[in-house]
Amino acid sequence: MQPPYHHSIEPDWQRLNLIGGVLAAIGIVGFVVALGLGEDDRVWQSYLVGLLFFTGVAQGGVLLACGYYLAQGRWTRNAVHLRVAEAGWPFLFLSAVLFWGLFIGRDHIFPWIAHSPGKKAAWLNVPFLFSRDGIALALLAVLSAWFVRISRDRAALRWATEPTTIEMPPVAIRRLAPLLCVLYIFLYTMLAIDLIMSLSPLWHSTLFGWWWFEMCFWSAICASAFVAANFASLLGAGNAFDNPIVLHDFGKLVFAFSIFWVYLSFAQYLVIWYGDLPTETFFLLVRFWHAPWEAIAWLSPILNWVVPFFFLMGVRPKKSKAMLRTAALLGLIGVWITDYIMVVPSLSPYKLPLGWVELSITAGFLGLYLLCVAPGLRLAARMATSGAGEIE
Amino acid sequence: MSAEIAVVSTFANDGDCARGIEALHGAHVHDFSAYGPFPSEKVLEATQEVRGQGHRHSPVRWFVLLGGIIGFITAVVLTVGTSLEWNLNTGGRPVASIPPYVPIMFELMILIGGISGVLGFFLMSRLPVFEPEPGYRSRFGSDKFGLVVRCQENEAQKFETLLWDAGAEEVQREAA
């Protein structure tokens, strides 16, 4: 039995919007100044990394909500889990627009434009790549918005809150959620091939697409867990997040999908190790065994697996706000680093460009993401502090 | 001195049974058996709560840990040991290469850890039991939950009241 709700504290949403606005402005200024200083390569590489990371978090969140419905996850405590996961959907429309920025910087990103990739040119050419990826991002944004709209409807909420009288989620959810999942698998595999793997046109790994979209999904779990752990403290006593069971749910998800990530990573590594083909091994050697990249590359498995695995192994740490918040935040940093080391070493193998250009553009993306996610978080906070957010 | 008996209570659902366990715990009674037709989290939580009050956690976890360590060491000995014994050079790689052995080490760790956990469970639960314990009813394996308290006959009345108050459908006495 939950303690009755006593006292709600309204977070300072104006402040969150202000921080988002300031960070976005920093990003825009950094972007313009760096282009003015002739740092085009660094600008467009960071732009791609930022786009991949924040699009992955936003889309992964919608998929997490789909997963709750498909798995009949009524343990999601009167839908507060769902509201947090879905919150990033408006960023998907922004990312579908920002994607076209890559068209402007394409010569600084895709090496196969200057050097023909041979028979791969049938797939890797500018008109085909931008049209298929642009359509994919727009389609996923529209379907995600549609899904979230239905998910926030009263009928879906009643499914979550009235397990004794309503057996299945609304029909529209039952149709749309599987469709979104299948499209996500196909289209994010395609995006991983086009926007990451094609930067090293000679390299290929059949598992790469799966590995990347699973990481996007995990980054959304980390983002949700981070928000839940913060809301547990911020929203006052008795809010739905201030409950060890809810934090335990998020902790278990972070822990489990972190293990799945390392499982897929090792599965790829083992095949490359066995084959020992120069066209496959160079991709890992540049990143993990040669300076300057090895220094930062090992942070990826450490933050994405070692930290969550050992931090969150026990029940008590999963229920601890501080531990969950720390592991989730480090996981998000780890995913950003992973995206960074997947993209940049392909274009700059002997130099590690990490300075004000990269930080300002990443801050810009973070600012834009915060501005997009704030209304959804506000809704989640309201549900967590109202009667509807209470649990049995 | 009064004789030892078993107070057998029957519950319609796991919630009432859990309340019965908590009531017994409140009366500082820990020598009882709980039965149910399926594993119930409510009953488990109530028993853990009882255990948490100065009573030890299940020792089965130590069997799993020990089995996992033994499994891992066995896999290291099996893979590295046989490689060094046969000394085959495959594609110029080191004779004892770790990456392909990782799945074997992982799988054996899980396998031996799991088997050891099951054996530990049987050992610590004193299973199998061929003769039902006094107070056991066949319905506890089909549609009812049950609590059996072993006590002296002169204390039985107190426990019967406790169990009725917790929501028992039926409370009976039986020779222990």
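The values are calculated or read from the model by the stated rules, or taken from the named source; none is laboratory data. If you're wondering where the values come from, they're calculated on a predicted model, not measured in any experiment. So basically every Cβ, Gly included, is an ideal-geometry build from the backbone, and we count neighbours across all protein chains shown. These area figures cover heavy atoms from the full protein model, side chains too; ligands, DNA and RNA do not enter into them. Shrake-Rupley method; radii C 1.70, N 1.55, O 1.52, S 1.80 Å.
Give, as a single signed number, the net charge of other residues whose beta carbon lies under 15 Å from the beta carbon of A:PHE53, with Lys and Arg counted +1 and Asp and Glu -1.
With Lys, Arg at +1 and Asp, Glu at -1, the net is -3.
Quantify, in whole percent, the carbon and sulfur part of the accessible surface of the range B:60-124 (1.4 Å probe; protein heavy atoms only).
In the range B:60-124, the share of accessible area belonging to carbon and sulfur is 80 percent.
Pop a pseudo-label 7 angstrom from the Cα along the beta-carbon direction at both A:ILE135 and A:VAL315 and give the gap in nm to one decimal.
So the label points at A:ILE135 and A:VAL315 sit 5.2 nm apart.
If contacts are Cα pairs under 8 angstrom and at least 6 residues apart, what is the relative contact order of chain A in percent?
It comes to 33 percent, rounded to a whole number.
For A:ARG152 paired with A:ILE333, estimate the spin-label separation in nm (one decimal), with each label point 7 Å from Cα along the Cα-to-Cβ line.
It works out to 3.2 nm between the two label points.
Run the simple label-point estimate for B:SER97 and A:ASN125 please: 7 Å along Cα→C-beta, distance reported in nm.
Using points 7 Å along Cα→Cβ, the separation is 4.0 nm.
Mind grabbing the interface size between A and B? I mean buried accessible area, both sides, 1.4 Å probe, in Å² to the nearest hundred.
Rounded to the nearest hundred, the buried surface is 600 Å².
Select from A:THR338, A:GLY251, A:GLY36 the residue farthest towards the positive end of the dipole of chain A; place +1 on Cβ of Lys and Arg, -1 on Cβ of Asp and Glu, and compute about the Cα centre.
With unit charges placed on the Cβ atoms, the residue in question is A:GLY251.
Under 28 Å Cα-Cα from B:LYS144, which lysines qualify once same-chain neighbours fewer than 8 residues away are excluded?
Leaving aside lysines fewer than 8 places away in the same chain, those within reach of B:LYS144 are B:LYS42, B:LYS158.
Would you work out the relative contact order for the range B:51-176, in percent, from Cα pairs under 8 angstrom that are 6 or more residues apart?
It comes to 28 percent, rounded to a whole number.
Provide a whole-number value for the mean count of partner chain Cβ atoms within 10 Å of the Cβ atoms in peptide B:100-112.
Per residue, the average neighbour count from other chains is 1.
Counting only heavy atoms of the protein chains, get the accessible area per residue of the range A:172-244 (1.4 Å probe) and round it to a whole Å² value.
Accessible surface, normalised per residue, equals 31 Å².
Measure off, as a whole percent, the carbon and sulfur share of the 1.4 Å-probe accessible area of the range A:301-392, all protein chains present.
71
Under a 5 Å amide H to amide H cut-off, with H placed in plane at 1.01 Å, what residues pair with A:ASN239 once short-range neighbours are removed?
Excluding prolines and chain starts, which carry no amide H, there are no hits.
Per residue of chain A, what 222 nm ellipticity follows from adding -39500 (n - 2.57) for every DSSP H run with n ≥ 4, rounded to the nearest 500?
-24000 deg cm²/dmol
Quick one: accessible surface of A:THR281, probe radius 1.4 Å, all protein chains present, in square angstrom to the nearest 10.
Answer for A:THR281: close to 30 Å² accessible.
In the range B:76-95, what residues drop by 20 Å² or more of accessible area when the other protein chains are put back, versus the chain on its own? Use 1.4 Å, and skip ligands and nucleic acids.
B:ARG93
All other residues with a Cβ under 11 Å from the Cβ of B:ALA168 taken together, and with Lys, Arg as +1 and Asp, Glu as -1, what is their net charge?
-3
Starting from the residue with the highest accessible area, list A:CYS181, A:CYS66 in decreasing order, probe 1.4 Å.
In descending accessible area the options line up as A:CYS181, A:CYS66.
Sort B:166-172, A:217-223 by the packing proxy (mean of other Cβ within 10 Å over each peptide's residues), most packed first.
A:217-223, B:166-172
Work out which residues of the range A:266-293 lose at minimum 20 square angstrom of accessible surface when the other protein chains are put back, relative to the chain isolated, with a 1.4 angstrom probe, and list them by number.
Relative to the lone chain, where solvent access is computed with a 1.4 Å probe, the range A:266-293 loses at least 20 Å² at A:PHE266, A:LEU270, A:TRP273, A:TYR274, A:ASP276.
How big is the gap, in Å, between the Cα center of the range A:115-134 and the Cα center of the range B:61-88?
Centre-to-centre (Cα) distance: 49 Å.
When only Cα pairs under 8 Å and 6 or more residues apart are kept, what is the percent relative contact order across the range A:267-392?
23
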